[in-house]
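J.: Handing you a structure now.
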Amino acid sequence: PEQPPWWTRAVVYQIYPRSFMDSDGDGIGDLGGVLQRLDHLSDLGVDVLWLSPVYPSPQADNGYDISDYQDVDPLFGSLAQLDELIAELHGRGMKLVMDLVVNHTSDQHPWFRESRSSPDSPKRDWYWWRPPRAGLPAGAPGAEPTNWHSFFSGPTWTLDEAGGEYFLHLFDRRQPDLNWENPEVRHAVYAMMRWWLDRGVDGFRMDVINLISKDVGPDGELRDGPPLPGLPYGDATTSVVCGPRSHEFLQEMHREVFDGRRESLLLVGEMPGVTVEEARLFTDPARAEVDMVFQFEHVGLDFTGSKFSPRPLRLTDLKASFGRWQAGLADVGWNSLYWDNHDQPRAVSRFGDDSPRYRRDSATCLATLLHLHRGTPYVYQGEELGMANTRFDGLDDFRDVESLNHHAQAVAHGEDPDTVLAAMRRMSRDNARTPVQWDAGPTAGFTTGTPWIAVNPDAAEWNAAAQRDDPHSVLAHHRRLVALRHADPVVALGDFTMLLPHHESVYAFTRSLDGSTLLVVCNVSAHEYRLGELLPEMGGGELVLGNLAVEDPAVLRPWEARVLRVG
Ligand code: ISL
């Protein structure tokens, strides 16, 4: 029988370089810092490093606005250091996955500068240029070519005064969308990707890759989306999420870039709004598109409409969602598993309990729950330390373009500034972007200078140095989870069966392979439960891994998680 792919047994660690480790004292993390901290990754046992963008960039969106795809920004170091990183990782048996941001470039990319220079530019059609809406003068209210609302607030169109036309940007106006309909664009991207693979990188995390195909009519027309309540805009997603040529483009990319070297690579597509049915198609190995996708359903359960309208998560909703994804990709395709990344608030604050009493226990409980699902787990820097949301006193403490744009738009539309700020404190991406807490020093050991965003005030207590040799720490628990996946094929490959789908606090499931079964029981609450009452048929079992010392095997304590061998 065919060997399962290597990444079924792998754990990926994400580095957001700006916030990981600063080696030169400018307050911004860099590749030198990553190179200094590779022992932390080896110690954790992870297999792959996914590095968020380090390419030259004006940093309007912290590097997700790229002005040169084939170099390293001096802010982060040099190409030589990247080569060193590849060699160091390979020497330690780890792989490097680069971020691939090709739905859009920076507005400072030479391609866009040239495209913008004139309607007759040979690169004009590399981006989406459109005249004002029929009958309206350029710049008039509502004259944008479509009514689409940007992911980062405001319209998705900005007028270029000089040329009199609008260009499309699904994100910030400094991130114009590339026109993937144009084969020259696609082949330029493929050539760049081959260049990176030839340099030794082991794959790509493809940023918003399910937005590259826009639903464009035969004459180039783009259509308005359904109105968004309370906003003068319409919903762009119906026209841009998993558009008509998404699969075709990814298959073409596969043929052009990955053929002959696919087995050793990791290809993960980040796909906001993707459904489980679409994900099955994207990750079916026979179709040769990507290995797995990042989906967003489970991180969309604790708000209504916009992420800045938060509400509490119901555990039963989480089970229903994860359960459908586990079932939907059981026989075909593969899941990626994550709580945290650089776009999400910290999981221990969001889904756990970051009060002193339960912070360690809820962080380890959530980690166990996630890592024991079927799929490839992703650990985001600091998650393995139980890093939590930070304190934002006022607007000045925020850095992120999404948060700042949202604040400007919401306040302009008459929302109460205090309410807007309260939602930002809870949901802002900046919660994930505070410096990694290495030690109890004044800047948490992150920099000798002034950090670009304030260190979380809890760093004196919550840091890597304090946890490294403590077997009870969140860090030690993550180490055990990674080791378990490596050691036990049931964790990597076993079938998933959800138990207790309607229980509001206890998350339980089994994983089975070749007659061997693991039972996973996680108490996602501060109440106590009697195991015998919950799962009477599942008595006994040998404890394979747990997050608390078991005092009474019959009692599941607050935030306790157990993995038991029951067959
Ligand atoms: O962050 C989000 C929700 O708060 C998402 O809407 C996010 O913008 C979306 O998932 C796309 O994310 C990716 O592309 C963005 C970039 O800002 C993100 O950091 C990146 O992960 C544009 O490149």
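The values are calculated or read from the model by the stated rules, or taken from the named source; none is laboratory data. Fair warning: this is a prediction, and the values are worked out from it, not measured in the lab. Positions of Cβ are generated from backbone atoms using ideal geometry, with glycine treated the same way; all protein chains shown enter the neighbour counts.
J.: Which of (1) in a strand (DSSP E or B); (2) surrounded by fewer than 15 Cβ atoms within 10 Å (Cβ to Cβ) is the odd one out, the single condition GLY93 does not satisfy?
T.: With respect to (1) in a strand (DSSP E or B); (2) surrounded by fewer than 15 Cβ atoms within 10 Å (Cβ to Cβ), GLY93 is out only on (1).
J.: Return the pairs, sorted by first residue and then second, in which the second residue is basic (Lys, Arg) and more than 14 Å from the ligand (Cβ to nearest atom), the first residue lies in region 48-71 and is touching a residue at least 60 places away in the same chain (Cβ under 8 Å), the beta carbons are less than 9 Å apart, and the residues are 6+ apart or on different chains.
T.: Close Cβ pairs satisfying both conditions: VAL48/LYS95.
J.: Just name the residue that is farthest from TYR166 (Cα to Cα) out of those in region 203-262 that are within 16 Å of the ligand (Cβ to nearest atom) and among the acidic types (Asp, Glu).
T.: Filtering first and then ranking leaves ASP207.
J.: What single numbered condition from (1) closer than 30 Å to LEU89 by Cβ; (2) of a type outside the set (D, E, K, R); (3) free of Cβ contacts under 8 Å to residues at least 12 places away in the same chain fails to hold for GLY203?
T.: GLY203 satisfies all of (1) closer than 30 Å to LEU89 by Cβ; (2) of a type outside the set (D, E, K, R); (3) free of Cβ contacts under 8 Å to residues at least 12 places away in the same chain except (3).
J.: Residues that are touching a residue at least 24 places away in the same chain (Cβ under 8 Å) and under 21 Å from GLY323 (Cα atoms): does region 535-554 have at least one?
T.: For region 535-554, residues touching a residue at least 24 places away in the same chain (Cβ under 8 Å) and under 21 Å from GLY323 (Cα atoms): present.
J.: Follow-up question, since we're still on this one. Name the single residue that is farthest from GLU2 (Cα to Cα) among those in region 270-312 being in a loop (DSSP other than H, G, I, E, B), in contact (Cβ under 8 Å) with a residue 12 or more places away in the chain and more than 16 Å from the ligand (Cβ to nearest atom).
T.: So the residue we want is GLU289.
J.: Looking only at region 149-170, which residues are out of contact with any Leu (no Cβ under 8 Å at 6 or more places or on another chain), outside any loop (DSSP other than H, G, I, E, B) and more than 19 Å from HIS109 (Cβ to Cβ)?
T.: PRO155, LEU159
J.: Here's a follow-up. Looking at region 171-193, which of its residues are in a loop (DSSP other than H, G, I, E, B), under 25 Å from the mean Cα position of the chain (by Cα) and away from the ligand (no atom under 16 Å from the Cβ)?
T.: ASN179, the sole residue that qualifies.
J.: Given the condition over 30 Å from VAL34 (Cβ atoms), touching a Ser or Thr at 6+ places or on another chain (Cβ under 8 Å), away from the ligand (no atom under 15 Å from the Cβ) and β-branched (Val, Ile, Thr), answer yes or no: does some residue in region 153-160 qualify?
T.: no
J.: Okay, moving on. Is it the case that PRO137 is farther than 27 Å from PHE258 by Cβ, at pLDDT 95 or above, away from the ligand (no atom under 16 Å from the Cβ) and touching an Asp or Glu at 6+ places or on another chain (Cβ under 7 Å)?
T.: no
J.: So, one more: Looking at region 421-449, which of its residues are away from the ligand (no atom under 15 Å from the Cβ), under 22 Å from LEU404 (Cα atoms) and out of contact with any Ser or Thr (no Cβ under 8 Å at 6 or more places or on another chain)?
T.: Listed by number, the residues that qualify are LEU421, ALA422.
J.: I would also like to ask the following. Looking at (1) part of a helix (DSSP H, G or I); (2) within 27 Å of ASP26 (Cβ to Cβ), which is the one condition that is false for GLN108?
T.: GLN108 satisfies all of (1) part of a helix (DSSP H, G or I); (2) within 27 Å of ASP26 (Cβ to Cβ) except (1).
J.: May I pose another question? Identify all residues within region 460-499 that are in contact (Cβ under 8 Å) with a residue 12 or more places away in the chain and of a type in the set (Gly, Ala, Ser); write none if there are none.
T.: Of everything in region 460-499, those that are in contact (Cβ under 8 Å) with a residue 12 or more places away in the chain and of a type in the set (Gly, Ala, Ser) turn out to be ALA460, ALA464, ALA465, ALA466, SER473, ALA483, ALA492, GLY494.
Condition check ((1) outside the structural domain of GLU84 (by TED's automatic domain parsing); (2) under 23 Å from GLU252 (Cα atoms)) across all residues:
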residue: TRP128; (1), (2): yes, yes
residue: GLY139; (1), (2): yes, no
residue: ALA188; (1), (2): no, yes
residue: PRO229; (1), (2): yes, no
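J.: Another question about this same structure. Output the number of residues of region 331-343 satisfying the condition of being within 15 Å of the ligand (Cβ to nearest atom), touching a Phe, Trp or Tyr at 6+ places or on another chain (Cβ under 8 Å) and in a loop (DSSP other than H, G, I, E, B).
T.: 5
Residue by residue, here is whether (1) surrounded by fewer than 19 Cβ atoms within 10 Å (Cβ to Cβ); (2) out of contact with any strand residue (DSSP E or B) (no Cβ under 9 Å at 6 or more places or on another chain) holds:
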{"site": "ALA134", "(1), (2)": "yes, yes"}
{"site": "ALA138", "(1), (2)": "yes, no"}
{"site": "GLU144", "(1), (2)": "no, no"}
{"site": "HIS149", "(1), (2)": "no, no"}
{"site": "PHE152", "(1), (2)": "no, yes"}
{"site": "TRP157", "(1), (2)": "no, no"}
{"site": "GLU161", "(1), (2)": "yes, yes"}
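J.: Turning to a different aspect of this structure: Would it be correct to say that ASP43 is outside any loop (DSSP other than H, G, I, E, B), at pLDDT 95 or above and within 12 Å of the ligand (Cβ to nearest atom)?
T.: No: the conditions fail for ASP43.
J.: Of the residues in region 46-90, how many are within 16 Å of the ligand (Cβ to nearest atom), in contact with a strand residue (DSSP E or B) (Cβ under 7 Å, 6 or more places away or on another chain) and in a loop (DSSP other than H, G, I, E, B)?
T.: Matching residues across region 46-90 total 2.
J.: Check ASP224, ASP219 and return the single one that is over 25 Å from ASP65 (Cβ atoms), among the charged types (D, E, K, R) and free of Cβ contacts under 8 Å to residues at least 24 places away in the same chain.
T.: When all the criteria are applied, what remains is ASP219.
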